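The values are calculated or read from the model by the stated rules, or taken from the named source; none is laboratory data. Nothing here was measured: the structure is a model prediction, and the numbers come from that model. When we count neighbours, we look across all protein chains shown, and the Cβ atoms used for this are built from the backbone with ideal geometry, even at glycine.
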Number of protein chains: 2
Amino acid sequence: MRFGRKVGQDAIVASFPRTVEEHRAVVAALLPPMPAEDVPIRQARGRVLAADVVAAVSLPSFDNSAMDGYAVRAADLAGGGAASPVELPVIADIPAGRLDVPPLEPGTAHRIMTGAALPPGADAVVPVEDTDGGIGRVRLTATPAPGAYVRYSGEDVRAGDVVLAAGTVLGPPQIGVAAAVGSVTVAVRRRPTVLVLSTGSELVAQGTALQPGQIYESNGPMLAAAVEDAGGHAELLRFVPDDVEQFLDRLRRRLDAGRVDLVLTSGGVSAGAYEVVKDAFTGRGVEFVKVAMQPGGPQGAGSLAELGGVGVVTLPGNPVSSHVSFEVFVRPALRASFGHPYPDRPVVTATLSERWTSPPGRRQFRRGVLDAVHGTVREVGTPASHLLGALARAECLVIVPEDVTELDPGARVEVLLLEP
Amino acid sequence: MRFGRKVGQDAIVASFPRTVEEHRAVVAALLPPMPAEDVPIRQARGRVLAADVVAAVSLPSFDNSAMDGYAVRAADLAGGGAASPVELPVIADIPAGRLDVPPLEPGTAHRIMTGAALPPGADAVVPVEDTDGGIGRVRLTATPAPGAYVRYSGEDVRAGDVVLAAGTVLGPPQIGVAAAVGSVTVAVRRRPTVLVLSTGSELVAQGTALQPGQIYESNGPMLAAAVEDAGGHAELLRFVPDDVEQFLDRLRRRLDAGRVDLVLTSGGVSAGAYEVVKDAFTGRGVEFVKVAMQPGGPQGAGSLAELGGVGVVTLPGNPVSSHVSFEVFVRPALRASFGHPYPDRPVVTATLSERWTSPPGRRQFRRGVLDAVHGTVREVGTPASHLLGALARAECLVIVPEDVTELDPGARVEVLLLEP
């Protein structure tokens, strides 16, 4: 980092027991690969294939015409051309979809439409533009080579070919090809179900008036949207009571009712005296640690042995901390669990357009906006973790490494791109 | 274009009555701006705001503590520090959410949690780390400045501020801030409803055995997925009878049953003798034209006066033509209709790694794969419009302008990026 001032490694290791990469690995291990499930192709958009799609039929599945025109034997037109057109009797009419295609006798033509099966005996098609368009007899001015305007069976795909490999994300063209080779359903990885829990007696629902000391609960809808944005299925349980027994009971009842792949909480994990998430999960398999990052230092992760071993990630409660730690830890793990080929956000390099200082020993993820024309980035808001208004205007997270304490204008920085 | 050979403009104008840009404008005019609708924030992900979101409350909405610690008067600790800690009686305990916050008397402290309201009379917070953590009395080693670890009301957002402007796409942070300022619902543009029709007697459903001459219907699911991928709502009506009266009757009944913003068909529009889409819509407000592009030359667009003026776009039936023309004409129009700030796919420049020829007078959109490391692009498959297998492996559409007939390796080409 050319313009950065750095500190030694010792100070870092001393103050934070866990690095960003270490905690990423802990979270990733909580979400094993999702099993496969069959879904109708109409519902498969955005899903990731769990198995290859093998063609049940060839594409095209029969020799057919690439044009509207006339099916002929090329040899019958060999002596013709624009100067001396050949005239042939038109024996049959072959629209697309006609099943009883009559063979073509030498010295005759069949009228044929795009996509219709080439009749046995024909080896070329003359486009209607090169004829007089006749019905009973037709004058043809072309001298086609054998194979002209014929699409041969299997020239795109052969029956038995893998048309889509396991791990492919299904966009519109992939759904098209799966449908074209006859797939009714496709085997895709299950979307992980994430139970998003919000708790805290200061939180109230939108639509009620705030009293001083109360805030509108916003991490729940934000994290649920983030789970869905990542490709998971989110279930939101808000206003869970701020009492350990009630909290655990509520969670237990939900887990008994059906599959949950990950429990995601926000808040209740700091050094405070009333931390229901920490109190409920401590000693039950969840480890609470300080991670060497800012925002998002206080993190927790583990699995609840007495609740079927479900994975739990506890994010800090400040909205910005919550969002950044979701991006850094949860999103990649979620996407990897259903086999997404790009679990991570794209990271690019940009030029910082201002002076920054950063605390030693922590990797900072600062909210930034990019100037795409000049390749520069600047901060939106401040590093403070409660500035949700600024977060909503951010286009990226700018990464300041653990050992960098000062950055001058012109410094090259890594930038994690958030989608619009 | 450095390495390209070109032809004159006259040949182009002569053979094709409509340019790509002209047809884009015709299609765009069929989809007026969608009206606004209110949706709950939990369902608003990916939608585009139709109106500004104005903060009902400030963020923070009251002065509060940024740390777990003790609320104090900075003046009371002015003479202290690590060498001579000040000890104060702890009078009250303020967890987050406590509504009856007692004022702070001079010479005392209140224990306070992150996010809890700062008591009247206090002007600073000492983090618990700078104290002995006492309950009845506390020893404080810090000498805070007034304002230390206090988050002031309105420092992020002030009540009445526009926190999200009309036209913003709602991702997780935007949903978070809308929730935080008290929004129950947000006004977003309606998603356009697109009725995707497939017709053609050669088309059969997946799950039935193919007879020679039949193909599996794939444009319907592909285009429905493309509509949804663009942000629209797709309704798929497959296997509509290949008969003008039945076709129109089926369409009329659907339009009577509820709102449709656009009818999208594929196939049935070429020069052939059995073209139900062309036959049904000709003379009813839909114009069928040749557009100077490849694939996707035969296009139709218009609005059906006798069916409530609904807009119609008729795409060609070859799967690749259908996909490419959706990308070029329909996707941008759909996204513009609900106010998306990025209606078009990103276009980048790349270096062609092979030799191409291209017909004069038509803008080609060829399926390509990128080598991101070297910034090069090469073709996947061939320009033939029936190669769906190759389309499904494509990462981009490579654009060859109308007046370019030959491209050498090293030529710089524009590339329209398809999403993974």
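Quick test for you: out of B:VAL54, B:VAL72, pick the one residue that is over 37 Å from the mean Cα position of the chain (by Cα) and either at pLDDT 95 or above or farther than 20 Å from B:ASP132 by Cβ (or both).
From the options B:VAL54, B:VAL72, the qualifying one is B:VAL72.
Identify, by number, the condition in (1) in contact (Cβ under 8 Å) with a residue 24 or more places away in the chain; (2) outside any strand (DSSP E or B); (3) within 18 Å of the chain's Cα centre (by Cα) that A:ALA145 doesn't meet.
(3)
Within the stretch B:305-353, which residues are without any contact (Cβ under 8 Å) to a residue 40 or more places away in the chain and more than 12 Å from the chain's Cα centre (by Cα)?
B:ALA305, B:GLU306, B:GLY309, B:SER325
So A:GLY317 passes all but one of these: (1) under 29 Å from A:LEU203 (Cβ atoms); (2) at pLDDT 90 or above. Which condition number does it fail?
Here A:GLY317 meets the rest and fails (2).
Could you tell me how many of the residues in the stretch A:368-395 are in contact with a Ser or Thr (Cβ under 9 Å, 6 or more places away or on another chain) and away from every other protein chain (no Cβ under 13 Å)?
Looking only at that region, the number is 7.
Could you say which residue among B:GLY121, B:GLY136, B:GLY115 is surrounded by fewer than 24 Cβ atoms within 10 Å (Cβ to Cβ) and on the phi > 0 side of the Ramachandran plot?
None of the other options fit; the residue is B:GLY121.
Going by the structure shown, is B:ALA280 surrounded by 20 or more Cβ atoms within 10 Å (Cβ to Cβ) and away from chain A (no Cβ under 14 Å)?
yes
Would you point out which residue out of A:ALA225, A:ALA234 is within 14 Å of another protein chain (Cβ to nearest Cβ), closer than 30 Å to B:VAL157 by Cα and in contact (Cβ under 8 Å) with a residue 40 or more places away in the chain?
A:ALA234
Give the residue, chosen from A:THR185, A:THR193, that is surrounded by fewer than 19 Cβ atoms within 10 Å (Cβ to Cβ), touching a residue at least 40 places away in the same chain (Cβ under 8 Å) and within 22 Å of B:PRO172 (Cα to Cα).
A:THR193
Can you pull out every residue in the stretch B:181-195 that is of a type in the set (Val, Ile, Thr) and facing chain A (nearest Cβ under 8 Å)?
B:VAL181, B:VAL184
Condition first: buried (at least 24 other Cβ atoms within 10 Å of the Cβ), at the interface with chain B (Cβ under 7 Å from one of its Cβ atoms) and under 17 Å from A:VAL39 (Cβ atoms). Now tell me which residues in the stretch A:164-180 satisfy that.
A:LEU164, A:PRO172, A:GLN174, A:ILE175, A:GLY176, A:VAL177, A:ALA179
Where in the stretch A:30-131 are there strands (runs of 3 or more DSSP E), lying wholly inside it, with at least 1 residues that are away from chain B (no Cβ under 14 Å) and either without any contact (Cβ under 8 Å) to a residue 24 or more places away in the chain or not small (Gly, Ala, Ser) (or both)?
A:36-40, A:69-72, A:86-94
Please go through the stretch A:196-213 and give me each residue that is facing another protein chain (nearest Cβ under 7 Å), at negative phi and surrounded by fewer than 22 Cβ atoms within 10 Å (Cβ to Cβ), ordered by number.
Within the stretch A:196-213, A:SER201, A:GLN206, A:LEU210, A:GLN211, A:PRO212 meet the criteria.
If you go through the stretch A:319-363 one residue at a time, how many are crowded, with 20+ Cβ neighbours inside 10 Å and outside any helix (DSSP H, G or I)?
Total satisfying the criteria: 10.
Within the stretch B:238-270, take every residue that is surrounded by fewer than 17 Cβ atoms within 10 Å (Cβ to Cβ) and part of a loop (DSSP other than H, G, I, E, B) and give me the one that is modelled with the lowest pLDDT.
B:PRO241
Name every residue in the stretch A:374-402 that is of a type outside the set (S, T, N, Q), closer than 17 Å to A:PRO346 by Cα and in a strand (DSSP E or B), in order of residue number.
Of everything in the stretch A:374-402, those that are of a type outside the set (S, T, N, Q), closer than 17 Å to A:PRO346 by Cα and in a strand (DSSP E or B) turn out to be A:VAL377, A:CYS396, A:LEU397, A:VAL398, A:ILE399, A:VAL400.
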